[in-house]
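Peer 1: The structure that follows is given in the form of structure tokens.
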Amino acid sequence: MESNPLYFAHLEEVNKNKPMKKGLMALCLTVLVGLLSCSGDAEELAPVVPNPDPDPVAELLYLPVVVHVLHNGEPLGEGPNLSAERIARQIEILNEDFRRKQGTRGFNEHPDGGDARIEFRLARQNPDGEASTGIVRIDTSSVAKPNLGYNVNHFAQYSYWAPNQYINIWTTPLPDDAKCVVLGEASGPDTDLPGTELLSLPGPGDAEGILVNWNHFGESDIDCHARWGRTLTHEMGHYLGLLHTWGGKDCAFNDYCDDTPAVDKTVFGREAFAGCAGETIMIGNYMNYSDDDVMSIFTLDQIARMRYVLDKHPGRKALLTSQGLNAP
């Protein structure tokens, strides 16, 4: 599959392999180019991973995150210039979902559901070894955009930390008419896992990370099915090697996780339906395009796949020992 540029936000209604996507994304890019100018300081198939047994004492893995907040000069906490509290809440939601925490929207009692024992932390120091909040704010209205040399990620030209030390997340200042249409996009890891070619893999010189439309970052009261912070949960799944549950839209080879019921078409909404062989699909899986409020499950096979990536992919594995996890 041809690699998609990371900064093209994926459209919820369109499968990423369909030609019509690029035309609409190009329109979004035209809007973005007008919005941005910069500044900002740090505030044959491989074997399938074996099914894991539920293991409550599996090693707890921590991953450092830096959130690059692009805005248009709005006061702190208004519009795209997201408040620190909203950013912190989004990271909390991410941890609720990955840890299947009781008493939260991320909890489920499904027998195939599990606690990934992966947690995310806002970076505590920047690449220069200085104390950091894990938040970089970029006023796109005040300074001309630099060229940091990355091929495709328009946003990485503004701010980009070493991807083997930090998970880069950019919140993008898209206009309101893009909300509930353009949600997010993530680069995937290139590994020997089957189906990896279905991910958006970075090429030489491409930046790695996750984009999220600011409207869908954290919780909000927008009139949209995607308002509870699950866009980042979904995209983080891709970043750690998960496919959509429908994968390549083939009943025999979809997402290569045996405990997600096979489905050969895109899953939207909140109502389950019969997938391959008449089996009811898992509507609540984070790797669907389901409504945020029905999402609540990563399966054991999905968890095994993510942990395999964190063990075998050099860049993702390096995150586990990043300096960003510790105060300077």
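The values are calculated or read from the model by the stated rules, or taken from the named source; none is laboratory data. Bear in mind that the values here come from a model prediction, so they are computed numbers and not experimental data. Here Cβ is always computed from backbone atoms with ideal geometry, including for glycine, and neighbour counts include all displayed protein chains. Accessible surface is based on the protein model in full, side chains and every heavy atom, while ligands, DNA and RNA are left aside. Shrake-Rupley method; radii C 1.70, N 1.55, O 1.52, S 1.80 Å.
Peer 1: Rounded to the nearest whole Å², what accessible area per residue is found for the range 148-236 with the 1.4 Å probe?
Peer 2: 29
Peer 1: Can you bin the range 159-229 into rounded, prolate or oblate? Criterion: square roots of the alpha carbon gyration tensor eigenvalues sorted a ≥ b ≥ c, rounded for a/c under 1.5, prolate for a/b above b/c, oblate for the rest.
Peer 2: Cα axes put the range 159-229 in the prolate bin.
Peer 1: Tell me the Rg and the Dmax, in Å, that the Cα atoms of the range 172-274 produce.
Peer 2: 14.9, 42
Peer 1: Hey, can you find the accessible area per residue of the range 60-119 for me, probe 1.4 Å, expressed in square angstrom?
Peer 2: 40
Peer 1: On to the next question. Could you state the accessible area per residue of the range 259-309 in Å², with a 1.4 Å probe and every protein chain left in place?
Peer 2: Here the residues of the range 259-309 average 33 Å² of exposed surface.
Peer 1: Within the range 235-328, report the GluC sites (Glu not before Pro) that DSSP leaves as loop and that have at most 15 other Cβ atoms within 10 Å.
Peer 2: GLU271, GLU279
Peer 1: Show me 92-104, 174-186 ranked by packing, highest mean number of other Cβ atoms within 10 Å first.
Peer 2: 174-186, 92-104
Peer 1: Determine Rg/Rh for the range 259-328; Rg is computed over alpha-carbon atoms and Rh is the Kirkwood hydrodynamic estimate from the same atoms.
Peer 2: 1.15
Peer 1: Extension gain LYS249-THR266, at 0.36 nm per residue separation less the Cα-Cα distance, in nm?
Peer 2: Separation in residues times 0.36 nm, less the Cα-Cα distance, equals 5.3 nm.
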